[in-house]
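Novice: Can you keep this structure in mind? I'll have questions shortly.
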Amino acid sequence: MVVRFFASCLVELLQPNVGAAAQRVLRAGGHDPQPVRGATCCGQPAYNAGYAGEARRVARRTLRALGDADTACVVASGSCATMMSHHWPELFEGTADADAARRAAARTVELTAFLTGTAAAGSAGDRPPASGTGDGGSAQEPDGGGPVVVHDSCHALRELGAGATVRRALADAGRTPTEAQGTERCCGFGGSFSVKMPAVSVAMADEKLDNLAATGCMQITSCDLSCLLHLQGRARRRGLALRFDHVASLLDPGT
Amino acid sequence: MSAPTATPVSFGRRAGRALGDDRMRAAIARGTGLMVQRRHEAIAELRNADELRDAASVIRAAALQRLPELLERWSDNLGALGGHVHWASDADEANAIVAGIVARRGAKVIAKGKSMVSEEIHLNDVLERAGADVVETDLGEFIQQLAGEPPSHIVAPAMHKDRFEVADLLSADRGAPVSPEITAEAAYARRRLRQAFLDAGVGITGVNFAVAATGSICLVENEGNGRMCSSLPPTHIALMGLERIVADFDELDVMLNLLARSATGQALTTYTNIITGPRRPGEVDGPEELHVVVLDGGRSAVVGTRFSPALHCIRCGACLNVCPVYRQVGGHTYDSVYSGPIGAVLTPLLKPTDPAARELAEASSLCGACTEICPVRIPLHDLLLQLRHRDARADASRLRRAGFWLWSQAWSRRWSFGAMVLGARVVLPLLRRLRWLPDIGWLGAWRQGRELP
């Protein structure tokens, strides 16, 4: 099945390998991902800072690049998927792109939600079902991954109701994620919040990192690269030997 | 891109101070953690929690839609029972009304129960300037009065203090040591406050809900001090926000079922006072006079706007407890009577011209935990976002606005975005290798505690 694929601006700017991994994951699930050529960003940075006009200017670029075909648009970021599916209709209301924005919103789906929703039967194979909170999972994964702990991004958790899909996608790939205390609490990134209120943002990251590290897992994953980069930046400053990988990298079957 | 912030009074700076106070942060983490856990347990007891919350949301919205009608019916009914209703458009009017009643009754001592409206209008200052001895009788408020601080939490005013700090304050008040055991502290406060109830010429309380159908006011509390304040002194003055009305007892039932569960994790508070008029002939208890002061204070300007849901709030404090920002910095950092997410929404609505109040909308990562827990389903993080949209243009520095404009130009063209992608690949590794970086603007803000990605 042909799907449109949007990696997010952050992935393209900072970790393009995550976008490549996500496309390999989709192909392994029997899909034909076609990157949205000409897309840049969903507009969220400006939208959440209160600049709707600027957000619209940027989002229109991506909306038009997305085209109006009837295929799903898979996004490798919970917060961008939220921006597109929840806020685009309002952002474009009353403009020439209003109808297109509504249709795009309905087509947009976060990567793990897509994998576990529409592709679960194909990719799960004969793997055992998820067993809830595990003891760290087995250490035989091809990507060399040991125990992994999931960081819930707020948008994926609350707006998309997709807290479970990252875990299910990992379980489908044979990895049982460990659970951390206070997993529903924000890591403190919050877009412009992270630079408008840096001290508070870092204090929130510290609590999150303490809870993640307390699991004993050294590897942390999430469907949002933004949270991971914030946590990674703080962990490095503190000298914590933690690894942060986008979930697409963990699901990556390799080339 | 642009400087982090240029507002005159900075939440960030206050937060910085709060973050250095480990003792306060430990107390807040403990207090909010406990309240969230109890709230979850108490809501889980309900078989129909979701339906109840939906119903509460509808009830609150409907009350605002027919606000004049409900208030008039309530006021007529209370008047027929011998109560007096006073309408105050702002803090000055409300204070003048209360001060006038106190002066007319010649009260020297005033026993005061918990009232956020009284904090909103700074009533104590006014009464004390007029020579009255105002005694806060809610234990948390009493502690805060001794400390000379406003409450830091809507429901638990002294949550940010541990029992040792409380013992120090009580010892100073007593002039002799009070043991830092909670039972000993409560025992001292009980003895100390009992005299205030007996001496008081006027009792002042808040109002949780007014019931239109009967002219009643409902006051919930756990210490019995609200009942003392409203029944023992010869005059009872109750302070109420304009929006705190329900049509009848069926609606009150829904609200009470959610309020205590969301606030303290109780099915009901220990005391639920339904006050329907002053003492009647033949009755032995109750005040001779009952006055209810209804404060507008900027509320009516919000009714009917897109921000109207902020007035659905029933002051349970659940959004404070679950807010990761509040959890780190505590209530005083908001420098506002109402703190946490609801404070960050309500304060800029009630004080639309105050730039410091408007800055509060930035004090959120928009994580949505507040919206998720709100018993009356106020879309708090969405309202915060809408406030940013309302105020961004007016408040931001020229530099910040120019920054976003430039960004939108660069990122709305594929070639310039592509150039940035290539640039990032060259520049970031370079920046990471540099030992020294000019920590200005967003770069400096990011590097305050974090390495570059």
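Novice: Compute the length gained on full extension between B:Gln65 and B:Arg129: take 0.36 nm times their separation in residues and subtract their Cα-Cα distance, giving the result in nm to one decimal. Write out the running numbers ahead of the final one.
Specialist: Details: separation 64, 0.36 × 64 = 23.04 nm, distance 3.89 nm.
Additional length available on full extension: 19.1 nm.
Novice: Could you state the number of Å between the C-alpha centres of the stretch B:268-344 and the stretch B:150-181?
Specialist: 23 Å
Novice: Output the lone cysteines of chain B: those with no second cysteine's C-beta under 4.7 Å from their C-beta.
Specialist: B:Cys218, B:Cys229, B:Cys313, B:Cys316, B:Cys323, B:Cys374
Novice: Working out 0.36 nm times the residue gap between B:Arg433 and B:Ser416, then minus their Cα-Cα distance, what length gain in nm do you get to one decimal?
Specialist: The B:Arg433-B:Ser416 span can extend by a further 3.6 nm.
Novice: Quick check: from the Cα gyration tensor, does chain A come out rounded (a/c under 1.5), prolate or oblate? Walk me through the numbers on the way to the answer.
Specialist: On the way: a/c = 2.04, a/b = 1.22, b/c = 1.67.
Note, shape of chain A comes out oblate.
Novice: Please list log₁₀ I(q)/I(0) at q = 0.07, 0.14 Å⁻¹ for the stretch B:46-295, using the Debye equation with identical point scatterers on the alpha-carbon positions.
Specialist: Here log10 of I(q) over I(0) equals -0.24, -0.96.
Novice: How about B:Lys108: which aspartates and glutamates have a C-alpha closer than 13 Å to its C-alpha, ignoring those fewer than 8 places off in the same chain?
Specialist: Counting by Cα, and skipping residues close in sequence, B:Lys108 has these aspartates and glutamates nearby: B:Glu128, B:Asp133, B:Asp199.
Novice: Once you keep just the Cα pairs under 8 angstrom separated by 6 or more residues, what percentage relative contact order results for the stretch B:46-295?
Specialist: Working: 452 pairs, mean separation 67.5, N = 250.
Answer for the stretch B:46-295 is 27 percent.
Novice: Then there's this: Which of B:Ile217, B:Gly33, B:Ser408 sits closest to the plus end of the dipole of the protein assembly as shown, meaning its Cα is farthest towards the positive end, when Lys and Arg get +1 and Asp and Glu get -1 on the C-beta?
Specialist: Towards the positive end, the residue furthest out is B:Ser408.
Novice: Evaluate the charge dipole of chain A about its Cα centre and quote only its size in Debye, nearest 20, assuming +1 on the Cβ of each Lys and Arg and -1 on the Cβ of each Asp and Glu. Present the calculation step by step, with values, prior to reporting the outcome.
Specialist: Values: 25 positive and 25 negative charges, 115 e Å.
Charge dipole of chain A: 560 debye, to the nearest 20.
Novice: Separate question: First check a/c for the stretch B:143-204, with a ≥ b ≥ c the square roots of the eigenvalues of its C-alpha gyration tensor; if it is under 1.5, answer rounded, and if not, answer prolate when a/b is larger than b/c or oblate otherwise.
Specialist: Details: a/c = 1.90, a/b = 1.15, b/c = 1.66.
Oblate, since a/c reaches 1.5 and b/c is not below a/b.
Novice: Follow-up. State the antiparallel share, in %, of DSSP beta bridges confined to the stretch B:46-295, rounding to the nearest 5. Let's see the in-between values first.
Specialist: Working: 8 of 34 bridges.
DSSP beta bridges in the stretch B:46-295 are roughly 25 percent antiparallel.
Novice: Next question. Rounded to whole Hz and in sequence order, give me ³J(HN,Hα) for the stretch A:233-238 from the Karplus expression 6.51 cos²θ - 1.76 cosθ + 1.60, θ = phi - 60°, writing x for Gly and Pro.
Specialist: Calculated HN-Hα couplings, in order: x, 6, 4, 5, 4, 7 Hz.
Novice: Can you run phi through the Karplus equation (6.51, -1.76, 1.60; θ = phi - 60°) for the stretch B:104-109 and list ³J(HN,Hα) in whole Hz, with x for Gly and Pro?
Specialist: 4, 7, x, 6, 9, 10
Novice: Taking +1 at the Cβ of each Lys and Arg and -1 at the Cβ of each Asp and Glu, which of B:Pro341, B:Ala267, B:Leu430 sits farthest along the dipole of chain B towards its positive end, judged by Cα position relative to the Cα centre?
Specialist: B:Leu430
Novice: Helix B:163-174 versus the longest principal axis of chain B: what is the Cα-based angle in degrees, 0 to 90, to the nearest 10?
Specialist: 40 degrees
Novice: To the nearest 0.05, what FRET efficiency results for B:Asp250 and B:Ala103 with a Förster distance of 56 Å applied to their C-beta separation? Display every interim value, and only then the final one.
Specialist: Numbers: r = 40 Å, r/R0 = 0.72.
Between B:Asp250 and B:Ala103 the formula returns 0.90.
Novice: Taking the Cα centre of the stretch B:197-322 as the origin, how large is its charge dipole in debye, to the nearest 20, when only Lys and Arg (+1) and Asp and Glu (-1) carry charge on their Cβ atoms? Provide the component values of the computation, followed by the final result.
Specialist: Details: 8 positive and 13 negative charges, 78 e Å.
So the magnitude is around 380 debye.
Novice: To continue, here is another question. Give a residue-ordered list of calculated ³J(HN,Hα) values for the stretch B:428-439 (Karplus: 6.51 cos²θ - 1.76 cosθ + 1.60, θ = phi - 60°; whole Hz; x for Gly, Pro).
Specialist: 4, x, 5, 4, 4, 7, 5, 7, 10, 10, x, 7
Novice: Another question, if that's okay. At A:Thr183 and B:Ala29, where each label point lies 7 Å from the Cα along Cα→Cβ, what is the point-to-point distance in nanometres?
Specialist: The two pseudo-label positions are separated by 2.1 nm.
Novice: Across the residues of B:366-373, average count of Cβ atoms on other protein chains within 10 Å? Spell out each step's value before the answer.
Specialist: Values: counts 10, 14, 7, 6, 0, 2, 4, 0.
Whole-number average of other-chain Cβ neighbours for B:366-373 is 5.
Novice: So what is the relative contact order for the stretch B:352-453, in percent, with contacts set as C-alpha pairs under 8 Å and at least six apart?
Specialist: Numbers: 37 pairs, mean separation 15.5, N = 102.
After rounding, I find 15 percent.
Novice: Can you work out the FRET efficiency for the pair B:Glu45 and B:Leu406, with r the C-beta to C-beta distance and R0 = 60 Å, to the nearest 0.05?
Specialist: Values: r = 54 Å, r/R0 = 0.90.
For B:Glu45 and B:Leu406, the calculated efficiency is 0.65.
Novice: Where Rh is the Kirkwood radius over the Cα pairs of chain B, the temperature 37 °C and the viscosity 0.692 mPa s, what D in µm²/s does Stokes-Einstein return? Numbers along the way, then the final one.
Specialist: Numbers: Rh = 23.8 Å.
The diffusion coefficient I find is 138 µm²/s.
Novice: As an exercise, take the mean of 1/r over every pair of distinct alpha carbons in the protein assembly as shown, invert it, and state the Kirkwood radius in angstroms. Present the calculation step by step, with values, prior to reporting the outcome.
Specialist: Working: mean 1/r = 0.0365 Å⁻¹.
Computed over the protein assembly as shown, the radius equals 27.4 Å.
Novice: So how tilted is helix B:340-350 from the main axis of chain B? Cα-based, degrees 0 to 90, rounded to 10.
Specialist: With both axes taken from Cα atoms, the answer is about 80 degrees.
Novice: On to the next question. With each label point set 7 Å from Cα along the Cα-Cβ vector, what nm distance links B:Asp22 and B:Arg174?
Specialist: 2.9 nm
Novice: Now a separate question. Please give the charge dipole size of the stretch A:187-255, origin at the Cα centre, charges +1 on K and R Cβ atoms and -1 on D and E Cβ atoms. Round to the nearest 20 debye.
Specialist: 260 debye
Taken together, the values in this text are just the output of simple stated rules run on the coordinates, not laboratory data. Owing to the predicted nature of the structure, the values given are computational and were not obtained by experimental measurement. Neighbour counts are summed over all protein chains in view; Cβ atoms, including those assigned to glycine, are modelled from backbone coordinates with ideal geometry.
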